Every structure is written in C-alpha cells, then in structure tokens.
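Remarks on the structure that follows.
The values are calculated or read from the model by the stated rules, or taken from the named source; none is laboratory data. These figures come from a predicted structure and were not determined experimentally. Ideal geometry is used to build each Cβ from the backbone, glycine not excepted, and the neighbour counts take in all protein chains shown. Each accessible area value is taken on the protein alone, full model and side chains, heavy atoms only, with ligands, DNA and RNA left out. Shrake-Rupley method; radii C 1.70, N 1.55, O 1.52, S 1.80 Å.
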Amino acid sequence: MADIVIEVKNLAFGYRVGGFCLSVRALRIGPGEKMAVTGPSGSGKTTLLNLLAGIFVPSAGQIRVLDIEVSSLSAEDRQDFRALRMGLVFQEFELLEYLDVLDNVLLPCRVSPALHFHGEVRARAAELLHDIGLGDKLHRYPGSLSQGERQRVAVCRALVTKPAIIFGDEPTGNLDSSNRDHVMEILFRYSADTKAPLIVVTHDKELIGRFDRAVDVRELAA
Amino acid sequence: MNDVLYMAWRYVRYHWGKTVVLLASISLILFLPVGLHVVVQQGAEMLTGRAKSTPVLIGPKGSAVDLTMSALYFRHPNPESLPYREVTRVTQTGLAIGIPLHLRYTAGGQRIVGTTLDYFEFRRLNVERGRLMAMLGECVLGAKAARALQADLGAHVLSSPAGAFDVAGSFPLKMPVVGVLEPYGTADDEAVFVDLKTAWVIEGLTHGHMDVTKPEAESGVLAREEGNVVANASVLSYTEITSQNIDSFHFHGDPDTFPVDAVLAVPKDRKSGILLRGRYEEGDTSVQMLVPLRVINELVETMFSVRDYIVMAGVGVGVATFATAALVFMLSIRLRRREIETIRKIGGTRRRLVGILAGEIVLVVAAAISIAAALTFIVSRFGDEMVRVVAG
C-alpha cells in the first residue's frame, strides 16, 4: 500500500446557496491512520467528508484517493469507486426500515452495479453480524432494534465490502458511552487489521483522544 | 435486475397495507370494465342463443319480457294464464306444433315444467339415464335439478304447494324419477319435467280418489243423485300415482279450459311462421304472440347501454384512481428522500434507484393485472351461471 492514501491540495468548495466556502490547502492521510475531524457546527466537517468520499465535487483543487484523482471521475465512476473502496457510517444510522438486518448490511451489493451479490458476501455479512453480537437478529427489522444495535448494523454495512477507507460522520453522536465504545472499537479494530484509514467527524472530546490525530477543519485553510 | 426486483419486492411487502389498497383499487378499476364486458357479452350470447332457437311464443297479454323470460328460463309466470285450447288452436292451424308450458309449481326450489314430449324433441334433449316420462305422475330431472334435489332414478320428488295460501288444497304429489337429462348448460338443466296432465294433477284440476261406488267408501258418501255422487273429506285422495290407482284419476271440468302459461309454437317452415304471426296479429286480443329474439334483442340493447354507462363511469374513476396512485407514489418519493440519499452515498447508481422505484410500480401493477385477469377468468368461466341466476 502507498504511503499516502488520501492527498488533498488547494481544495475549494462553495455551496450555491448560503455562501459557505470550504478551503483546504493541504491534507495527507496515510494507511491505517485514524483521524478525527473536529470544529464547531457549520464549520464544514461533513462537507469535507463528502468531498473526500467523492459525494461532492470541489470547485478547485485536487483530491487524490488511492492514487486516483477523484474529482476528475464521472459521476457514475465516483459512485462505483465509493462502493468498491469506501465504507460510510452516518450519525442517524440511515438503515432502510423495510429491509431486515442482514439485507441492510448487504444493501451496497444490491444497489451498486460495481459490487456483486453472492453467497460469499452473504456469509461475510452474517459473520460480521455474529462478531458484533447481532447473530441472533439477522432477520429482525431496524424498528425493533435499540439505537446501539442499529449503529452496529450500519457499521457492518460499511465494512461488508472490505473498504480501503472508512468515513464516519458523527457515528457515535446518538449513542450512550457504552454503545459508543463498542462501535468505535469495531471501527478501530478494522482499521488496525486492514490498514484502512479511518476518518471520523466528531464533537466528542473523550473520543478525540483515541485517534492518531485530530484536525480542526478551520485550520486546514491556513 | 434480480437485486432491483428484490428491493422493490421487499418494499411493497413491508408496506403491505399500502400495497393492498393500491392492488385492490387498481385491479378493480381494471377488472370492472373488462369483467362487465365479458358478463354482458356472455349474457347476451346466452339469452339470444336460447331465444334464437325459440321461433314464436304465445302467452297471455302482459309484459313481453316477463312472458319470454318465464317461457325460456322458467321464471315464475304471470298470474294470468292461457286456456289449453290455445295449444290445440296452434296445432290445428297446420302451420305449427304447439308445445304447452305449465310453470306454476316447484319441487324443492326447482321449477316443475309441465309440457309434452314434443318439448324434448324441440330442444333436442336426451336422457343420460333412464327414459322420458310415459305415465301420469312420472318426472324427468334436468342434470342440475337432479344434483340439487339429490335424486336419481327410482327416487321420488315431492311437489311444493304454490303458496302458503293455497287453500284450494293442491296436495303435494309424490313423483317417481324415471329419467335424468344430459347437462346442456341451459335452463333445462334446472327443471323438473312432468307431463302437462301431471302438472294439472298438482294444481288439483285432475285427481284420483277411492272409488265411491265400492262398499269401503260408503261411509264417506253424502248423497247419490242422477249419476252424481257427493262425498265428504273422508274419501281418500291419492297423493301418488301408481299403476293400481291411475285409473281413478279423472278431470273435473273441460280440459280445453285448463291453464297453461305459455305455448311454444314451432312453425313447420319460415313461411308458416309468418302466416301464423299474421293470424294472431289480426285476431284475438286476449293473447299475445311474440318473437323471443326481438324481445331479447331489446333487452340486450338495454344491457349494452347500461354497460356503456358503467364503463364510462369506470373510466372516470380509473383516471382518478391512477392520478391518486401517481400522487401517492410521488409523495412517497419525497418521504423517502433520505433513503434515496443514503443509497446514493453508499454507491447506488441513479439507474439502480430508478429501477427499484419503477420495480415497485411494476410489481403492484403486474399483480393488479394478474388479479384482474384472474377475476375476469372466473367471471368468464361462471358468467353464464351468473347471468342465469340474475335472470332468475
């Protein structure tokens, strides 16, 4: 694996409405690095994450991920790249209420043509769910799970494709300390085992200390 | 494709309440005009088919539709009847054969049709088991009547009184079943056929009782004068006609005046039919002669008009239903905005997303079409039956 997994240079991005602008002069993230993105609300933490994940396209500058210039890819190629190489965890879990736990974990394989659903993936999904203590709830619906259980399912969904990079947008924001620790432990372990960088937006001061480094998004412009 | 359909299937299955409402409304909107068209078409074919095979009908003055429906489908006849002499009159013209129909009584809910053997020849009815009636008091059952009455050869069928106020005392007549007809899918299947004279026995116009000249009936005799014998109610009337008592059955009154409900006139040829109709149009005003096909065609035209109105209304309701369904779908897409965003964020392509949403519509519409097709098939399979039930 290369020394640098994500490299950002002279990045600029602005919303059409609202006038908010984000700029990043330089940012480098290495293999297995665990980075917390901090800053006050509205400072652009989630925007940065969306740019790194290729969900947003910058108005200027470069974002290289795994030696690929993400912003130069077509919309469909960025979708495929994200599906193949990245795992995303959200604050509100974003599970689909009409799919059971197992199908929620398998969702990326069903909605992305770049991934293929087959027995091996299914077995991996079931194994992941067993590992995080949800082995007996494969066919339960999200509505019947606790908050912590739902976030663990969301984490499994992010990891089922064996991503090379993991992004978390306040993944523990809605969890109590016990569930927070459980979820972060899973993410840290995966990052350590696979050398996948873990980039997490968080406000949680207690959590920030467990990352290799914390970056205040306001300081990236300097 | 499988993944897209799987996702769509899971969505419609999870939201089964919404799916059932959509399915019910769409399938009904699709089925109603098609099903109605099938029923009306089959009904029209069935009605005109039987009417076509019945060239001329004679009956008492009154509703032409009622007369046609009672003579063709054995519905309850008009209170007015014809004297039997009308049957003789038709036959005596030499232009046609008159077949009487007596339809006033039932047996276990099945219409008793008093007629002659000419009726079986005219309708080309054959017995599947047994034979046609040959003796007074015997009956032949239509295929469905046999099932409904759970009666077969050798069994007996009991006639029902005409009504609760039948004080004239038409005793129930116990009739042996001597034959069962092949099934024809017509009103004949549901009838209990008897000889016209047997129908008159049921009506009490012909009867049999103990011989009042014999010593054992003496106690019931009130008076003997000029060949007439007056007896009281202790003289036993027979409620079953057997070879032992058949000779005691006799008419009271002139059989020419006995009632029949309709006469099927079967002309020898087309010219005879025209001549016969001419004679009736000029003559007697107490009877009517009609061509069933004309009556039924008028009825069918009315049915078609009603169908067209219903279909037009159905199209309006259909447009409203589809507009509402489209609105529900669009609103559900707005409500699912976050779900759509999540799918996009985790790598789902626009094409897959559109496929999933379209798949949900396709599944519901395909299921609705299948339900509508199944309902239409059922209606087409049993449409004849339904029309017959509605027709009485």
query: Per residue, how much accessible area does chain A have with a 1.4 Å probe, in Å²?
result: 42
message: Using 0.36 nm times the number of residues separating B:E281 and B:E121, minus their current alpha carbon distance, what extension gain do you get?
response: 54.8 nm
message: Just to be sure I understand the model, the point goes 7 Å from the Cα along the line to the Cβ. What's the resulting A:S41 to A:F20 distance in nm?
response: 1.1
- line: So the FRET efficiency between A:A60 and B:I369, C-beta based with R0 = 56 Å and rounded to 0.05, is 0.55
query: So how far apart, in nm, are the two label points at B:E341 and B:V319 if each is 7 Å from Cα heading toward Cβ?
result: 3.8
task: Among A:G19, A:M35, A:I4, flag the residue with its Cα farthest along the positive direction of the charge dipole of region A:1-49, charges on Cβ as +1 for Lys/Arg and -1 for Asp/Glu.
output: A:G19
- request: Give, rounded to the nearest 20 debye, the magnitude of the charge dipole that region A:57-166 has about its Cα centre when Lys and Arg contribute +1 at Cβ and Asp and Glu contribute -1 at Cβ.
  value: 120
task: Return the whole-Å distance between the Cα centroid of region A:137-171 and the Cα centroid of region B:326-364.
output: 21
message: As I understand it, the value is the acute angle between the Cα axis of helix A:147-159 and the longest principal axis of the Cα atoms of chain A; what does it come to in degrees, rounded to 10?
response: 70
task: Give the dimensionless ratio obtained when the Cα radius of gyration of the protein assembly as shown is divided by 2.2 N^0.38 Å.
output: 1.75
message: Heavy atoms of the protein only, probe of 1.4 Å, neighbouring chains included. What is the accessible area of B:C139 in Å², nearest 10?
response: 0
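Largest first, what is the accessible-area ranking of B:I378, B:I26, B:I333 with a 1.4 Å probe? Don't jump to the answer; show the numbers that get you there.
On the way: B:I378 90, B:I26 10, B:I333 50 Å².
I get B:I378, B:I333, B:I26, largest accessible area first.
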- prompt: Can you give the net charge of the other residues whose Cβ lies under 12 Å from the Cβ of B:R294, counting K and R as +1 and D and E as -1?
  reply: 0
message: Spelling out what I want: for every residue of region A:200-213, take phi, set θ = phi - 60°, compute 6.51 cos²θ - 1.76 cosθ + 1.60 (Karplus), and round to whole Hz; glycine and proline get x.
response: 10, 7, 8, 9, 6, 5, 4, 6, 4, x, 8, 8, 5, 8
statement: Given the candidates B:I343, B:H252, B:Y14, the one whose Cα lies deepest towards the positive end of the charge dipole of chain B, counting +1 at each Lys or Arg C-beta and -1 at each Asp or Glu C-beta, is B:I343
message: Taking the full set of protein chains and a 1.4 angstrom probe, give the accessible area of A:E185 in square angstrom, rounded to the nearest 10.
response: 100
- prompt: Helix-derived [θ] at 222 nm for chain B: sum -39500 (n - 2.57) over DSSP H runs of at least 4, divide by residue count, nearest 500?
  reply: -17000 deg cm²/dmol
Accessible-area ranking of A:S43, B:S380, largest first, probe 1.4 Å: B:S380, A:S43
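Counting protein heavy atoms only and a 1.4 angstrom probe, how many square angstrom of accessible surface do chains B and A bury in total, to the nearest 100?
Buried: approximately 2300 Å² between A and B.
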field: Entries in B:K61/B:K197; A:K162/A:K195; A:K45/A:K162; A:K45/A:K205; B:K52/B:K268; B:K52/B:K197 that, when Cα-Cα distance is taken, lie over 20 Å
entry: B:K61/B:K197; A:K45/A:K162; B:K52/B:K197
- line: With all protein chains present and a 1.4 Å probe, the order of B:W16, B:W9, B:W200 from largest accessible area down is B:W16, B:W9, B:W200
- prompt: What percent do you get for the relative contact order of chain B when only Cα pairs under 8 Å and 6+ apart count?
  reply: 30
- request: Take peptides B:90-103, B:172-185 and line them up by average Cβ neighbours within 10 Å, highest first, as a rough protection proxy.
  value: B:90-103, B:172-185
- request: For chain A, find the longest principal axis of its Cα atoms and tell me its angle to the long axis of helix A:177-194, 0 to 90°, nearest 10.
  value: 70
- prompt: Relative contact order (percent) for region A:1-134, with alpha-carbon contacts under 8 angstrom and 6 or more residues of separation?
  reply: 20
query: Assigning unit charges at the beta carbon (Lys, Arg +1; Asp, Glu -1) and nothing else, what dipole magnitude in debye, to the nearest 20, does chain B show about its Cα centre?
result: 3280
query: Excluding same-chain residues fewer than 8 positions from A:K137, which aspartates and glutamates have a Cα within less than 14 Å of its Cα?
result: A:D100, A:D103, A:E127, A:E149
task: Kindly report, to the nearest 10 Å², the accessible surface of B:Y84 as traced by a 1.4 Å probe over protein heavy atoms only.
output: 60
task: Give, rounded to the nearest 20 debye, the magnitude of the charge dipole that the protein assembly as shown has about its Cα centre when Lys and Arg contribute +1 at Cβ and Asp and Glu contribute -1 at Cβ.
output: 2960
- prompt: In region A:112-222, with Lys and Arg counted as +1 and Asp and Glu as -1 at Cβ, which of these residues, A:V121, A:H182, A:V153, has the Cα nearest the positive end of the dipole, that is, farthest along it?
  reply: A:V121
- prompt: Based on the Kirkwood radius over alpha-carbon pairs, what is the Stokes-Einstein translational diffusion coefficient of region B:309-355 at 4 °C with 1.567 mPa s viscosity, in µm²/s?
  reply: 101
message: Using a 1.4 Å probe on the protein heavy atoms, what percent of the accessible area of chain A belongs to carbon and sulfur?
response: 48
Degrees separating the helix A:75-85 axis from the principal Cα axis of chain A, which is the longest one: 60
